[in-house]
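K.L.:
Got a structure for you, written out below as structure tokens; questions coming shortly.
The values are calculated or read from the model by the stated rules, or taken from the named source; none is laboratory data. All values reported here derive from a predicted model rather than from experimental measurement. For neighbour counting, all protein chains shown are included, and Cβ atoms are generated from backbone atoms with ideal geometry for every residue, glycine included. Surface accessibility is based on the protein's heavy atoms, side chains included, excluding ligands, DNA and RNA. Shrake-Rupley method; radii C 1.70, N 1.55, O 1.52, S 1.80 Å.
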Amino acid sequence: MKRTTLAASAALALVWSAQANAQANELTLCWAAWDPANALVELSKDFEAQSGIKMNFEFIPWPNFADRMLNELNSGGQLCDLLIGDSQWIGGGAENGHYIKLNDFFDAEGISMDDFAPATVYAYSTWPKGTPNYYALPAMGDANGWFYRKDWFGREDIQAAYKEATGQDLREPQSQKELLQIAQFFQGREIDGQTVYGASIFTERGSEGITMGATGAMYAWGFKYENTPGQYDMEGAVNSSAAVEGLEFYKELYKTGTPPGYDNAYMEQSLDAFKSGQVAMAMNWFAFFPGLYADPTVGGDKIDFFVNPAQNVAASTLGGQGISVVSYTDNMDGALAYIKWFAQPDVQQKWWASGGYSCHKAVLEDPNFVNSAPFAGDFLEAMGGVQDFWQEPAYASLLIAMQERLHNYVVADQGTAQEALDGLIADWTEVFEDEGKL
């Protein structure tokens with residue numbers, strides 16, 4: 001009986017040892033389900049070959065990404081060893097202990113944040129903002145940009161009609177107001193027997209859509225979250241006359257330049273409207289531009305791209321993410337090894353070539369970068385003027401309030417832009433008071 005028990009215990013110990021070894025040789029990387037994630041799977045095969053560590057991936061559809069991943073972090077779950085999380089999560093990830101601080105690791109491995117574009121380090125890596133405290137490596141640069149039917153813009157009959165209607169030449173818009181004028185020109189126009197519309201934009205209420213879309217216009221007019229960074233002094237910034245005008249503009253664009261019934265649209269709906277030939281222009285994240293250019297129906301010589309047009313200032317809504325090591329990982333050494341591998345300049349070159357958006361200066365400052373893709377120059381320009389939503393630990397509450405205020409005004413026709421932004425300050429003041437920051 002004693003010998004049997006000892007044998008059983010030994011066998012169980014071997015099983016546990018085998019499981020531990022297997023876990024030590026595996027990593028799970030969590031991200032959203034989209035084209036760049038598929039590119040990362042292919043790129044990571046090089047890491048597997050070099051390290052002997054098996055990579056697993058958990059990709060969540062965008063509409064569910066935030067809820068799924070934030071619930072995972074807040075529960076201390078061990079699903080993710082590595083997480084490519086949204087820029088807005090960096091504050092909560094740092095203050096709640098979900099992400100490990102990477103400074104000592106970076107120093108030991110000679111990884112310098114000076115090798116990455118400053119805007120991406122600030123947005124994706126630092127907490128508190130702008131301090132040299134790093135909780136992520138910049139992984140996926142992104143911004144909200146625009147694309148358009150180059151073949152339509154180049155037609156002589158359409159150019160002549162635009163000239164007659166506006167007295168101007170049809171071109172890539174150089175301002176927000178010119179973008180609106182072009183959208184209104186195409187609205188309801190018949191092209192090749194099909195009725196088309198001006199632009200597909202973001203109006204979705206459930207996650208972040210209308211905020212990410214409307215701020216593109218509002219930033220270009222001069223919208224700010226604070227008068228003094230870090231002071232939460234929002235009066236006169238959030239509801240400035242420029243911010244009000246930018247929000248009024250976005251509502252006019254929605255009402256007079258978008259397809260009918262387009263009241264709850266985000267990334268997928270914007271892409272679908274463009275690919276199906278419904279619209280002349282569309283906003284979306286640069287991450288989708290490689291796939292659009294390769295599209296057999298609307299890509300190639302039928303499409304072109306432009307940065308979010310300036311109005312009072314040049315500005316674009318920031319997208320993109322950093323890659324963090326989740327503090328609950330049971331394979332810390334493997335996760336850090338992946339970060340070290342991914343930070344290498346040659347890996348970053350492959351990342352850009354495969355459809356990811358590198359943030360490494362070795363890629364972005366290469367003299368040939370602007371010629372490497374038809375949207376590469378626009379990407380560089382956009383990343384030079386990006387602005388981001390709050391990155392506070394309470395960002396979810398802040399975002400819910402803005403989603404509701406903007407959607408109610410822009411889509412549901414409730415109240416004025418001034419009332420929406422005044423109300424937003426009241427909402428955000430309550431959140432910051434509850435956080436002890438006001």
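K.L.:
Could you look through the stretch 312-334, keep only residues that are part of a loop (DSSP other than H, G, I, E, B) and within 23 Å of the chain's Cα centre (by Cα), and pick out the one that is surrounded by the most Cβ atoms within 10 Å (Cβ to Cβ)?
P.N.:
Here is the first cut: in the stretch 312-334, the residues part of a loop (DSSP other than H, G, I, E, B) are 312-315, 327-331.
Pick out the ones that are also within 23 Å of the chain's Cα centre (by Cα) and you get 313-315.
On the way: Val313: 13, Ala314: 15, Ala315: 26.
Going through the qualifying residues, I end up with Ala315.
K.L.:
For the stretch 226-245, check the following and say yes or no: at least one residue is assigned to a loop (DSSP other than H, G, I, E, B) and among the β-branched types (Val, Ile, Thr). Write out each step before concluding.
P.N.:
Residues of the stretch 226-245 assigned to a loop (DSSP other than H, G, I, E, B): 226-240.
Then drop every residue that is not among the β-branched types (Val, Ile, Thr), which leaves 228, 238.
For the stretch 226-245, residues assigned to a loop (DSSP other than H, G, I, E, B) and among the β-branched types (Val, Ile, Thr): present.
K.L.:
Something else about it: In the stretch 278-286, is there at least one residue being in a helix (DSSP H, G or I), more than 20 Å from the chain's Cα centre (by Cα) and not acidic (Asp, Glu)? Reasoning before the result, please.
P.N.:
Pass one, the stretch 278-286, residues in a helix (DSSP H, G or I): 286.
Filter once more, so that each one left must be more than 20 Å from the chain's Cα centre (by Cα): none.
No, every residue in the stretch 278-286 fails to be in a helix (DSSP H, G or I), more than 20 Å from the chain's Cα centre (by Cα) and not acidic (Asp, Glu).
K.L.:
Hey, another quick one. If Ala412 satisfies every condition in (1) within 24 Å of Asn308 (Cα to Cα); (2) of a type outside the set (Phe, Trp, Tyr); (3) surrounded by fewer than 16 Cβ atoms within 10 Å (Cβ to Cβ) but one, which is the exception?
P.N.:
Among (1) within 24 Å of Asn308 (Cα to Cα); (2) of a type outside the set (Phe, Trp, Tyr); (3) surrounded by fewer than 16 Cβ atoms within 10 Å (Cβ to Cβ), the lone unmet condition for Ala412 is (1).
K.L.:
Moving on to the next point. How do the strands (runs of 3 or more DSSP E) wholly within the stretch 18-131 filter down when requiring 3 or more residues that are of a type in the set (A, V, I, L, M) and within 27 Å of Ala353 (Cα to Cα): which remain?
P.N.:
Working: elements: 26-32, 54-60, 82-86.
Correct list: 26-32, 82-86.
K.L.:
Could you give me the residue pairs with C-beta distances under 8 Å whose first residue belongs to the stretch 80-105 and is farther than 10 Å from Ala136 by Cα, whose second residue is open to solvent by 10 Å² or more (accessible area, probe 1.4 Å) and acidic (Asp, Glu) wherever it lies, and which are 6+ apart or on separate chains?
P.N.:
Cys80/Glu58; Cys80/Glu72; Asp81/Asp330; Gln88/Asp388; Gly91/Glu392; Gly92/Glu392
K.L.:
Could you please find all residues in the stretch 378-401 being of a type outside the set (Gly, Ala, Ser), open to solvent by less than 20 Å² (accessible area, probe 1.4 Å) and under 17 Å from Gly222 (Cα atoms)?
P.N.:
Of everything in the stretch 378-401, those that are of a type outside the set (Gly, Ala, Ser), open to solvent by less than 20 Å² (accessible area, probe 1.4 Å) and under 17 Å from Gly222 (Cα atoms) turn out to be Phe389, Trp390.
K.L.:
Among the residues of the stretch 278-298, count how many are open to solvent by less than 10 Å² (accessible area, probe 1.4 Å) and either farther than 22 Å from Ala32 by Cα or modelled with pLDDT under 95 (or both).
P.N.:
Here the count works out to 4.
K.L.:
Out of all the residues in the stretch 92-135, which are open to solvent by 30 Å² or more (accessible area, probe 1.4 Å) and β-branched (Val, Ile, Thr)?
P.N.:
If the condition is that a residue be open to solvent by 30 Å² or more (accessible area, probe 1.4 Å) and β-branched (Val, Ile, Thr), then Ile100, Thr131 are the ones that fit.
K.L.:
Hey, can you tell me all the residues within the stretch 192-206 that are more than 29 Å from Gln403 (Cα to Cα) and either touching a residue at least 40 places away in the same chain (Cβ under 8 Å) or in a loop (DSSP other than H, G, I, E, B) (or both)? Can you show your working first?
P.N.:
So in the stretch 192-206, the residues more than 29 Å from Gln403 (Cα to Cα) come out as 192-195.
Matches in the stretch 192-206: Asp192, Gly193, Gln194.
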